[in-house]
Amino acid sequence: MSLLAPIADVGRHPGTGGYRRSAWSDADMALREWFAGEARQRGLVLVEDGNGNQLAWWGAEDGHDALLLGSHLDSVPDGGAYDGPLGVVSSFAAVDALQREGFRPARPVVVANFADEEGARFGVACAGSRLAAGALAPERALALTDRDGRTMAEVVRARGRDPLAVGPAEWLTRVGTFVELHVEQGRSLVHDGAAVGVASAIWPHGRWRFDFRGEANHAGATPMPDRHDPVQAFAATVLAARRLATAAGARATFGRLDVEPGGTNAIPSRVQAWLDSRAAGEADLAELVAAITAAAQTAAEDDGTSVEVVAESVSPAVSFDAGLRDRLATLLDAPVLPTGAGHDAGVLSPLLPTAMLFVRNPTGVSHAPSEFADDDDCAAGVEALTAVVRDLAGAS
Ligand code: HGY
Ligand code: MN
Ligand code: MN
């Protein structure tokens, strides 16, 4: 907690108490500075790749078979204090504990701050790790726009970074294992009575933009039967999404919405709405999104409006490396649990053995200001991560 204290006010909204730390914002830049300072204090060598991922190397920064730790520092709009930062500070705390005991890692140990994990600004989740892994084309990423219409290319250039450097990262080929610690975003560990758990899998999930178009007109002078109001089809789609996702045991959320032009006394011309959907299996997810899309189309046709659906980022199911998962679960005597939340560890899992440790979250709330974990559980997370590094980077 003392490691989180210096960043407790960075990007925190005074009204909501939530964190607004979108990628490359002033808050994110301050967090990057803080990360660099923490790396320096520990004698770690700081490297930033062309995608803005920060890496603090304990051991040669051109070394091989590195053990990667860390998480991300950016947040969703009004996010909590733990989603991301807990993994970063726990990694530094594990390094501290090991340096104190004179541990000499047999392989480089690297603490990462992955850029733009939440995708809150440009719409694509885990942009930093996807770019590094070659799972997101640089041209596509650089052309993504934020709510002000600024491209990622403009934004990174304004922050002194070179858009031409964006793309697959060589350092990743020198990583042998990634272990990401994260606050749990659910209450499985509460039910298990355990402070720390090990991840088994991530549900497939994705984001789709629904673009409803209608005809702007006067709110008073246009009779109801004559309207082509895109809000109507949007509303029908939201209700269908809840019904369909509930029936499928899946998830569907419209958490972001733009209504244009946004006048109280005008029928809107356009509604853009973003669907976040997740399901236990890839086929279930595809079927659910197809059904929601069909409901949107039917509703739009009924009103003489239209809808177009574009996938913005889709992540397949992840099963974490079974050998590593079992090794960590045995080492820590910890329960194994799946999650509906996405992570950089999921993005990197097709490339190298990855694992995740979860720290108990008493309410299960996440992506909200009330997200919380007890200090004792956070300390247990650090102890667990320290034991993992001792195990995976100890002399063989
Ligand atoms: O949205 C997610 O699943 C994650 O927390 N980035
Ligand atoms: Mn998150
Ligand atoms: Mn996270």
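Give the peptides 303-316, 231-244 in descending order of average Cβ contacts within 10 Å, highest first. Don't skip to the answer; put the middle values down first.
Working: 303-316: 16.7, 231-244: 19.4.
Answer by packing, highest mean first, reads 231-244, 303-316.
Which of the peptides 122-128, 150-156 is most tightly packed, and how do the rest follow, going by the mean number of other Cβ atoms within 10 Å of each residue? Show your work: numbers first, answer last.
Details: 122-128: 24.6, 150-156: 19.6.
Sorting 122-128, 150-156 by mean packing, highest first, produces 122-128, 150-156.
Just to be sure I understand: of the beta bridges DSSP finds with both ends in the chain, what percent are antiparallel, rounded to 5?
On the way: 46 of 64 bridges.
Within the chain, antiparallel bridges account for around 70 percent of the total.
Compare MET356, MET1, MET224 by solvent-accessible area with a 1.4 Å probe and give them largest first, with all protein chains kept in place.
Values: MET356 0, MET1 95, MET224 140 Å².
Heavy-atom accessible area, descending, gives MET224, MET1, MET356.
Can you give the accessible area of ASP276, probe radius 1.4 Å, in Å² rounded to 10?
40 Å²
Would you please put 193-199, 179-185 in order of how densely packed they are, using the mean number of other Cβ atoms within 10 angstrom per residue and starting with the highest? Working shown, then result.
Working: 193-199: 21.7, 179-185: 25.7.
Going by the mean number of other Cβ atoms within 10 Å, highest first, we get 179-185, 193-199.
Pairs of Cα atoms under 8 Å, at least six residues apart: use those to get the relative contact order of region 136-291, whole percent. Please report the intermediate quantities before stating the final value.
On the way: 180 pairs, mean separation 34.6, N = 156.
Once normalised by length, the contact order is 22 percent.
Express as a percent, rounded to the nearest 5, the fraction of DSSP beta bridges in region 50-119 (both residues included) that run antiparallel. Don't skip to the end; give the middle numbers.
Numbers: 5 of 11 bridges.
Taking every DSSP beta bridge within region 50-119, about 45 percent pair in antiparallel fashion.
Distances longer than 38 Å among the Cα atoms of the chain: what percent of all pairs is that? Show your work: numbers first, answer last.
Working: 16896 of 78210 pairs.
Here the tail beyond 38 Å accounts for 22 percent of pairs.
Only loop residues by DSSP count here, and only those with at most 10 other Cβ atoms within 10 Å; note down the chymotrypsin sites (Phe, Trp or Tyr not before Pro) in region 64-108 that meet that. Display every interim value, and only then the final one.
Details: sites: TYR82, PHE92, PHE103; in loops: TYR82, PHE103.
For chymotrypsin sites (Phe, Trp or Tyr not before Pro) across region 64-108 that sit outside H, G, I, E and B with at most 10 neighbouring Cβ atoms in 10 Å, the list is empty.
Let me see the P(r) profile for region 205-315: every Cα-Cα distance counted, bins of 10 Å, each bin given as a percent of all pairs.
Bins of 10 Å from zero give 16, 46, 27, 10, 2 percent of pairs.
So what's the angle, to the nearest 10 degrees on a 0 to 90 scale, between helix 230-248 and the longest Cα principal axis of the chain?
With both axes taken from Cα atoms, the answer is about 50 degrees.
Where the centre of each part is set by its Cα atoms, how far does region 295-336 sit from region 199-273, in angstrom?
Each part's Cα centre sits 21 Å from the other's.
Size of the dipole of the chain about the Cα centre, Lys and Arg at +1 and Asp and Glu at -1 on the beta carbon, nothing else charged, in debye to 20?
Details: 33 positive and 53 negative charges, 35 e Å.
With only Lys, Arg, Asp and Glu charged at Cβ, the dipole is about 180 debye.
Rolling a 1.4 angstrom probe over the protein chains, ignoring ligands and nucleic acids, what is the accessible area of GLU301 in square angstrom, nearest 10?
Here the accessible area works out near 140 Å².
With labels modelled as points extended 7 Å from the Cα through the Cβ direction, what inter-label distance (nm, one decimal) is found for LEU4 paired with THR253?
Label at LEU4, label at THR253, 1.9 nm between them.
In percent, what relative contact order does region 205-315 have, based on Cα pairs under 8 Å that are 6 or more apart in sequence? The partial results should precede the final answer.
Details: 223 pairs, mean separation 50.1, N = 111.
Relative contact order, region 205-315: 45 percent.
The values are calculated or read from the model by the stated rules, or taken from the named source; none is laboratory data. Treat the numbers as computed from the prediction; the structure is a model and nothing was measured. Every residue, glycine as well, gets a Cβ built from its backbone with ideal geometry; the counts of neighbours run over all protein chains shown. The protein model used for the area step is the full one, side chains on, heavy atoms only, and it has no ligands, DNA or RNA in it. Shrake-Rupley method; radii C 1.70, N 1.55, O 1.52, S 1.80 Å.
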